[in-house]
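Scroll down for the structure; my scribbles are underneath it.
The values are calculated or read from the model by the stated rules, or taken from the named source; none is laboratory data. Only a predicted model underlies this, so the values are computations on that prediction, with no experimental measurement involved. Don't worry about glycine lacking a Cβ; one is built from the backbone with ideal geometry, like all the others, and counts go over all protein chains shown.
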Amino acid sequence: MTDDLLADVEAAAGFAVHGGPGPAARRGLVARGVPGLLAGQDPTLWGPAAEERARERLGFLDAYRPGAELLPLIAELREELGDLHRVVLAGPGRAAEAATRLLDRPLTVLDDPDPHRVRALLDDAALLRRTVVLLIDETLGSVFWQAYRDAGLTAAEAGRHFVVLGNAPPELAAAGAVTIGAGPGALSAATLVPAAFAGVDVAALIDEAELFAPSLADEQDNPALALGAALAAARRVLLVPDGPGLDGLGEWAAEVITAGLGLPVIVADCPRDAGPVPADLLTVSYGGCLPPAGVPGGGMGPAVAVNGPLGAHFLAWPYAVALAAHVRGADPFRDLPPAATEAVHDTPSFVEGPVEIFTTGTATDLRGALRELLATAEGQIRVQAFLDPAGDAAVARLRPLLAAATGLPVGFGWGGLRPGEPPYGSFLQITGAVTGDVPVPGRDSTLGDRQAARAAGDRRLLAGHGRPLLRLHLTDRPEGIGHLLAAAGTSRH
């Protein structure tokens with residue numbers, strides 16, 4: 001596999017795709033001029049039904065241009081708010097997270113967060129006064145706004161702690177909070193502002209993207225075209241980092257692939273974490289620029305290896321997904337269904353210590369319930385942990401245990417299905433008791449209610465597609481995780 005990777009490479013501006021489909025797979029696209037049409041933002045490539053949405057969202061291809069225009073404003077804001085040292089991104093931010101992890105910069109991302117994570121932030125009053133909230137999620141905005149007002153800040157003082165990335169809620173607009181419009185793509189304000197506040201040189205990201213962008217229209221030496229051709233033929237995808245540095249990129253790329261193509265995607269820290277790799281699982285490694293004589297894929301033998309600067313990644317992956325959607329006759333800009341808002345309170349099948357078990361099987365203990373799920377597992381296993389990635393991190397040790405027990409690939413995620421993710425495989429959903437929930441101002445609900453509704457919505461979706469599902473609820477999180485890991489370690493079928 002390594003020889004194949006070295007023999008077949010497309011590269012431009014320091015960005016390379018090794019091992020993509022050969023020239024024959026791209027010949028038809030080139031003959032129809034698709035690379036140039038896509039780079040030129042032609043909205044007709046996905047059919048009449050998608051044309052209006054495409055026209056609105058293809059701006060990701062040159063988002064680095066308005067991004068560059070934001071740099072002076074970002075620098076001014078950083079200087080003005082220089083006494084606010086902790087940076088919280090309240091809302092989705094996989095791209096910003098990838099940029100900050102590259103340089104090990106501190107950024108707290110609250111993307112549909114566990115209430116415990118938010119409560120820990122709110123309870124530290126001194127640190128809260130040194131926090132800037134970069135706001136995308138309006139619900140979280142109302143939570144933080146109320147926290148600042150409860151701490152005794154005036155409206156103007158509270159407003160200073162916010163930079164709104166999108167449409168400002170009325171109270172923040174009245175308080176004079178800075179508002180920056182967030183356009184499409186990973187190089188919009190929604191990425192650049194959080195990354196810059198965390199200490200990332202976002203001008204370098206824009207330069208990398210600008211240097212790479214001309215290759216998107218090329219018929220040869222177009223690595224994004226090679227990646228798109230590979231994704232066009234994929235049934236499901238495994239993303240694996242080929243070393244430290246861009247390891248945070250995988251979750252962002254997975255969101256781009258699932259939203260645009262509806263493919264199942266597993267993101268692993270290393271190949272062994274995900275378990276065995278069947279023939280129909282396209283393995284794609286990703287990383288930074290290869291050093292001289294560097295081996296693509298880090299020696300792990302993926303089908304495709306993608307390497308280059310982060311700014312180029314931010315253009316290449318969405319371009320590749322849009323091109324693959326054209327090949328597959330899919331609409332990469334389709335509107336995705338909204339998240340569920342109503343929780344369902346079920347009765348457990350039985351209780352074992354700190355774990356409530358909800359199963360349709362006949363098992364009478366946790367070990368047996370796990371064995372039933374694993375014995376009927378199809379294709380892959382997906383673990384959904386509606387828990388706190390910081391306080392409940394130990395639950396991630398389930399992944400290698402389940403992979404060893406089943407011989408199947410295992411995906412693990414904090415929270416629910418990605419937008420557009422298909423219900424493929426068998427599912428283990430883990431929820432946890434919430435202590436110290438966070439009320440949502442102006443509503444008769446809490447963040448815990450919102451989390452429970454998301455979990456219930458996923459269960460309804462999976463049940464509607466007949467997917468095997470085992471739900472476990474931890475009435476005591478630390479004790480429940482320990483109990484679950486012990487049971488999973490002895491659950492081979």
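Report, by residue number, each residue of region 347-380 that is over 19 Å from residue 456 (Cβ atoms), surrounded by fewer than 20 Cβ atoms within 10 Å (Cβ to Cβ) and small (Gly, Ala, Ser). Within region 347-380, 353, 361, 363, 368, 375, 379 meet the criteria.
Residues checked against (1) closer than 21 Å to residue 86 by Cβ; (2) surrounded by fewer than 16 Cβ atoms within 10 Å (Cβ to Cβ):
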residue	(1), (2)
146	yes, no
153	yes, no
158	yes, no
168	no, no
173	no, yes
180	yes, no
194	yes, no
198	yes, no
202	yes, no
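Screening the candidates 434, 344, 395, 383 for the property of being crowded, with 18+ Cβ neighbours inside 10 Å, of a type outside the set (Lys, Arg) and part of a loop (DSSP other than H, G, I, E, B) yields one hit, 434.
The numbered conditions (1) among the acidic types (Asp, Glu); (2) at pLDDT below 90; (3) part of a loop (DSSP other than H, G, I, E, B) are all true for residue 331 except (2).
For the list (1) small (Gly, Ala, Ser); (2) under 28 Å from residue 120 (Cβ atoms); (3) in contact with a Lys or Arg (Cβ under 7 Å, 6 or more places away or on another chain); (4) assigned to a helix (DSSP H, G or I), I need the number of the one condition that residue 405 fails. Evaluating residue 405 over (1) small (Gly, Ala, Ser); (2) under 28 Å from residue 120 (Cβ atoms); (3) in contact with a Lys or Arg (Cβ under 7 Å, 6 or more places away or on another chain); (4) assigned to a helix (DSSP H, G or I) leaves (2) as the failure. Restricting attention to region 273-302 and to residues that are modelled with pLDDT of 80 or more and among the aliphatic types (A, V, I, L, M), the residue that is nearest to the chain's Cα centre (by Cα) turns out to be 284. The residues in region 23-56 that are within 22 Å of residue 219 (Cα to Cα) and not in a helix (DSSP H, G or I) can be counted, and the count is 9.
Taken over region 105-144, residues that are buried (at least 19 other Cβ atoms within 10 Å of the Cβ), among the charged types (D, E, K, R) and within 15 Å of the chain's Cα centre (by Cα) amount to 0.
Could you tell me which residue of region 228-268 is surrounded by the fewest Cβ atoms within 10 Å (Cβ to Cβ), considering only residues that are charged (D, E, K, R) and farther than 23 Å from residue 336 by Cα? Going through the qualifying residues, I end up with 247. Of the residues 224, 186, the single one that is crowded, with 24+ Cβ neighbours inside 10 Å, assigned to a loop (DSSP other than H, G, I, E, B) and in contact with a helix residue (DSSP H, G or I) (Cβ under 7 Å, 6 or more places away or on another chain) is 186.
Does residue 254 satisfy the criteria of being in a helix (DSSP H, G or I), at pLDDT 95 or above, of a type outside the set (Lys, Arg) and over 23 Å from residue 14 (Cβ atoms)? For residue 254, the condition - in a helix (DSSP H, G or I), at pLDDT 95 or above, of a type outside the set (Lys, Arg) and over 23 Å from residue 14 (Cβ atoms) - is met. Taken over region 85-104, the residue count meeting the criterion of being crowded, with 18+ Cβ neighbours inside 10 Å and in a loop (DSSP other than H, G, I, E, B) is 3.
Scanning region 55-72 for residues that are of a type in the set (Gly, Ala, Ser) and under 22 Å from the mean Cα position of the chain (by Cα) turns up 59, 63, 67. Just wondering, is there one or more residues in region 50-60 that are of a type in the set (A, V, I, L, M, F, W, C), modelled with pLDDT of 95 or more, in contact with a His (Cβ under 9 Å, 6 or more places away or on another chain) and over 21 Å from residue 214 (Cα atoms)? The answer is no, given that none of the residues of region 50-60 is of a type in the set (A, V, I, L, M, F, W, C), modelled with pLDDT of 95 or more, in contact with a His (Cβ under 9 Å, 6 or more places away or on another chain) and over 21 Å from residue 214 (Cα atoms).
Could you identify the single residue in 420, 415 that is touching a residue at least 60 places away in the same chain (Cβ under 8 Å), touching a Gly at 6+ places or on another chain (Cβ under 9 Å) and more than 24 Å from residue 363 (Cα to Cα)? Just a single option satisfies the conditions, and that option is 420.
Condition check ((1) modelled with pLDDT under 95; (2) under 25 Å from residue 119 (Cβ atoms); (3) aliphatic (A, V, I, L, M)) across all residues:
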{"position": "150", "(1), (2), (3)": "no, yes, no"}
{"position": "154", "(1), (2), (3)": "no, yes, no"}
{"position": "165", "(1), (2), (3)": "no, yes, yes"}
{"position": "171", "(1), (2), (3)": "yes, yes, no"}
{"position": "181", "(1), (2), (3)": "yes, no, no"}
{"position": "201", "(1), (2), (3)": "no, no, no"}
{"position": "205", "(1), (2), (3)": "no, no, yes"}
{"position": "213", "(1), (2), (3)": "no, no, yes"}
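Name, by its number, the condition in (1) within 13 Å of residue 116 (Cβ to Cβ); (2) in contact with a strand residue (DSSP E or B) (Cβ under 8 Å, 6 or more places away or on another chain) that does not hold for residue 462. Only one criterion is unmet by residue 462, namely (1).
Checking 29, 5, 38, 77 one by one, the residue that is among the aliphatic types (A, V, I, L, M), surrounded by 12 or more Cβ atoms within 10 Å (Cβ to Cβ), farther than 20 Å from residue 314 by Cα and modelled with pLDDT of 95 or more is 77 and no other.
So is residue 305 in contact with a helix residue (DSSP H, G or I) (Cβ under 8 Å, 6 or more places away or on another chain), outside any loop (DSSP other than H, G, I, E, B), at pLDDT 75 or above and surrounded by 17 or more Cβ atoms within 10 Å (Cβ to Cβ) or not? Yes, satisfied. Please enumerate the residues belonging to region 478-493 that are within 13 Å of residue 433 (Cα to Cα) and either surrounded by fewer than 22 Cβ atoms within 10 Å (Cβ to Cβ) or free of Cβ contacts under 8 Å to residues at least 12 places away in the same chain (or both). Across region 478-493, the qualifying residues are 478, 479. Among the residues of region 209-232, at least one is closer than 19 Å to residue 380 by Cβ, in contact (Cβ under 8 Å) with a residue 60 or more places away in the chain and among the aliphatic types (A, V, I, L, M). Hey, can you tell me all the residues within region 110-138 that are in contact with a strand residue (DSSP E or B) (Cβ under 8 Å, 6 or more places away or on another chain) and free of Cβ contacts under 8 Å to residues at least 60 places away in the same chain? Hits for region 110-138 are 110, 121, 127, 130, 131, 133, 135, 136, 137.
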